[in-house]
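Here's the structure we're looking at; comments come further down.
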Ligand code: ZN
């Protein structure tokens, strides 16, 4: 069985730190990770540079990443303007985040759920007007799906209803994001089942998990048990969590790949090569913490990846 590991460090990791990684280092990172066998990388976000100067070079990075054979180049877009820029740069996949917590949505993008769904419809109109070979895949990412730092508990029925609304608005698929690191394995199983029952198994294949409270890989396992086949993660857990010192942000790509491969699930990623990519990130961001148990402990004696491809 093949699992897609989608690297989000150049977007989610870099947006969470104040240091700015130079474009050349980002290119080396993306290139080296693709060479290690990673087939999907979220390279940035089309937001105004004054809001996220760390990601101001996203268009250039997309254009570079597109030249790497076999790599799916993904980006985040907050609105129609961002989607236009993503199409212009040639992204293969775009994700619009819709926060299940309306309070979070208002604070983050200053838009209600209804306004965000209108934005989604405008993007669908834009995409439908493109020739098929230039049309990126369009995902609605339900952020704060497992809980919110502002609202606390996010009702399950609301997440299900928003997933249905995103699909009716014309998204190709939805994803569930544990933006705040609140999820637990029982909740992951339950929410994935409920959303899949509403929108169909094919419309929910991916989870975006954080390791804020150490439950990241347990939540991956829960996702695997209910049929999830795509997991977002960040090399070195880059980004950390501003609210929990010492906790990594996204789940760590190296640990995720180790777990999957050790379980006999194929990622197509060469773990040794992946671990070596950390050097590029460390050299470019010497003051940032990198996380991960597998890189620190090394691979177990006798561990062989049965199939790297
Ligand atoms: Zn995230």
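The values are calculated or read from the model by the stated rules, or taken from the named source; none is laboratory data. All of these numbers come straight from a predicted model, not from anything done at the bench. With ideal geometry, Cβ positions are generated from the backbone for all residues, glycine too; neighbour counts draw on all protein chains shown.
Kindly provide the set of residues from segment 208-230 that are within 14 Å of the ligand (Cβ to nearest atom) and in contact with a helix residue (DSSP H, G or I) (Cβ under 6 Å, 6 or more places away or on another chain), ordered by number.
209, 219
Let me confirm something: among 176, 224, which residue is in contact (Cβ under 8 Å) with a residue 12 or more places away in the chain and assigned to a strand (DSSP E or B)?
One residue alone meets the criteria, 176.
Looking at (1) within 16 Å of the ligand (Cβ to nearest atom); (2) assigned to a loop (DSSP other than H, G, I, E, B), can you tell me which one residue 91 breaks?
(1)
Does residue 233 qualify as being touching a residue at least 60 places away in the same chain (Cβ under 8 Å) and within 14 Å of the ligand (Cβ to nearest atom)?
yes
Given (1) part of a loop (DSSP other than H, G, I, E, B); (2) modelled with pLDDT of 95 or more; (3) farther than 18 Å from residue 234 by Cα, where does residue 21 come up short, assuming only one miss?
Residue 21 satisfies all of (1) part of a loop (DSSP other than H, G, I, E, B); (2) modelled with pLDDT of 95 or more; (3) farther than 18 Å from residue 234 by Cα except (3).
Can you tell me which residue within segment 236-247, out of those that are within 13 Å of the ligand (Cβ to nearest atom) and at pLDDT 80 or above, is nearest to residue 208 (Cα to Cα)?
Applying the filter and picking the extreme gives 237.
Looking at residue 258, is it more than 18 Å from the chain's Cα centre (by Cα), buried (at least 16 other Cβ atoms within 10 Å of the Cβ), without any contact (Cβ under 8 Å) to a residue 60 or more places away in the chain and away from the ligand (no atom under 16 Å from the Cβ)?
yes
Please specify each residue of segment 31-72 satisfying the condition of being under 18 Å from residue 281 (Cβ atoms), in a loop (DSSP other than H, G, I, E, B) and in contact with a strand residue (DSSP E or B) (Cβ under 6 Å, 6 or more places away or on another chain).
38 - this is the single residue of segment 31-72 that is under 18 Å from residue 281 (Cβ atoms), in a loop (DSSP other than H, G, I, E, B) and in contact with a strand residue (DSSP E or B) (Cβ under 6 Å, 6 or more places away or on another chain).
Looking only at segment 140-152, which residues are buried (at least 23 other Cβ atoms within 10 Å of the Cβ) and either more than 13 Å from the ligand (Cβ to nearest atom) or more than 29 Å from residue 215 (Cβ to Cβ) (or both)?
140
Results for (1) modelled with pLDDT of 95 or more; (2) closer than 14 Å to residue 98 by Cα; (3) within 15 Å of the chain's Cα centre (by Cα); (4) surrounded by fewer than 24 Cβ atoms within 10 Å (Cβ to Cβ), shown as yes or no for each residue.
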{"position": "174", "(1), (2), (3), (4)": "yes, yes, yes, no"}
{"position": "187", "(1), (2), (3), (4)": "yes, no, no, yes"}
{"position": "193", "(1), (2), (3), (4)": "yes, no, no, yes"}
{"position": "201", "(1), (2), (3), (4)": "yes, no, no, yes"}
{"position": "204", "(1), (2), (3), (4)": "yes, no, yes, no"}
{"position": "209", "(1), (2), (3), (4)": "yes, no, yes, no"}
{"position": "215", "(1), (2), (3), (4)": "yes, no, no, yes"}
{"position": "226", "(1), (2), (3), (4)": "yes, no, no, yes"}
{"position": "231", "(1), (2), (3), (4)": "yes, no, yes, no"}
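Hey, among 51, 61, which residue is over 30 Å from residue 262 (Cβ atoms) and surrounded by 21 or more Cβ atoms within 10 Å (Cβ to Cβ)?
Exactly one of 51, 61 is over 30 Å from residue 262 (Cβ atoms) and surrounded by 21 or more Cβ atoms within 10 Å (Cβ to Cβ), namely 61.
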